[in-house]
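Q: Sending over a structure as structure tokens; questions will come in a sec.
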Amino acid sequence: SGLSLNNQITPELMYRIIAQAQKSPFFSDFLNALAVVGRPGTLEYRMPGLKDQVYGKSGSLDGVATLVGYLRLEQNRTEPFVIFTQFDTAVSRAQVLSRIDRMVEKMASANQDQGILVLGLH
């Protein structure tokens, strides 16, 4: 996944990076290189109600799950989001991924005018 115990990036910095990436002339290439909900890949079977609206990169380690990417909203707006979670390994990974998915679904339904930053889920 590219996620390592040696990573030292904060959710805030990751958000700034992906928000800045939107200004690049290569953003559409970058966006299209990400997994997409409803298409073959790591997000294929997640958040079925958001098919073709969530582009992202997931990552996981023992006790850690992340999803970083973009929501395609009304009027073809693309909003970045970052979700980093740390959880007790007694909790199932499926439960954590389900919670992450619900957070993204709520962000999409809120259809906010500002960028979205989620700092953590316990």
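The values are calculated or read from the model by the stated rules, or taken from the named source; none is laboratory data. Computed from a predicted model, the values in this text were never measured in an experiment. Don't worry about glycine lacking a Cβ; one is built from the backbone with ideal geometry, like all the others, and counts go over all protein chains shown. Only protein heavy atoms, including side chains, enter the accessible area calculation; ligands, DNA and RNA are left aside. Shrake-Rupley method; radii C 1.70, N 1.55, O 1.52, S 1.80 Å.
Q: Using a 1.4 Å probe, what is the accessible area per residue for the range 16-81, in Å²?
A: Details: 3630 Å² over 66 residues.
So the range 16-81 comes to 55 Å² accessible per residue, rounded to a whole number.
Q: Using a 10 angstrom cutoff on alpha carbons, build the Gaussian network for the chain and name the most mobile of LYS51, LYS106, LYS23.
A: Highest fluctuation of the listed residues: LYS23.
Q: May I pose another question? Heavy atoms only, probe 1.4 Å: what % of the accessible area of the range 1-78 goes to carbon and sulfur, would you let me know? Intermediate values should be presented prior to the final figure.
A: Details: 2520 of 4740 Å².
So the carbon and sulfur contribution to the accessible surface is 53 percent.
Q: Oh, and also: Assuming a ≥ b ≥ c are the square roots of the Cα gyration tensor eigenvalues, decide whether the range 1-103 counts as rounded (a/c under 1.5), prolate (otherwise, with a/b larger than b/c) or oblate. Kindly include the intermediate steps, with their values, before the conclusion.
A: On the way: a/c = 1.99, a/b = 1.30, b/c = 1.53.
Oblate is the answer for the range 1-103, as a/c is 1.5 or above yet b/c matches or exceeds a/b.
Q: If you build a Gaussian network model of the chain, linking Cα atoms that sit under 10 Å apart, which residue out of GLY56, GLY38, GLY69 swings the most?
A: Among GLY56, GLY38, GLY69, the largest GNM mean-square fluctuation belongs to GLY38.
Q: Moving on. What are the ³J(HN,Hα) couplings of the range 70-82, residue after residue, when phi is run through the Karplus curve with 6.51, -1.76, 1.60 and θ = phi - 60°? Round to Hz, x for glycine and proline.
A: 9, 9, 8, 10, 3, 6, 6, 6, 10, 10, x, 8, 9
Q: Taking the Cα of ARG93, stepping 7 Å toward and past its beta carbon, and measuring to each backbone N in the range 56-70: which are under 13 Å?
A: 58-66
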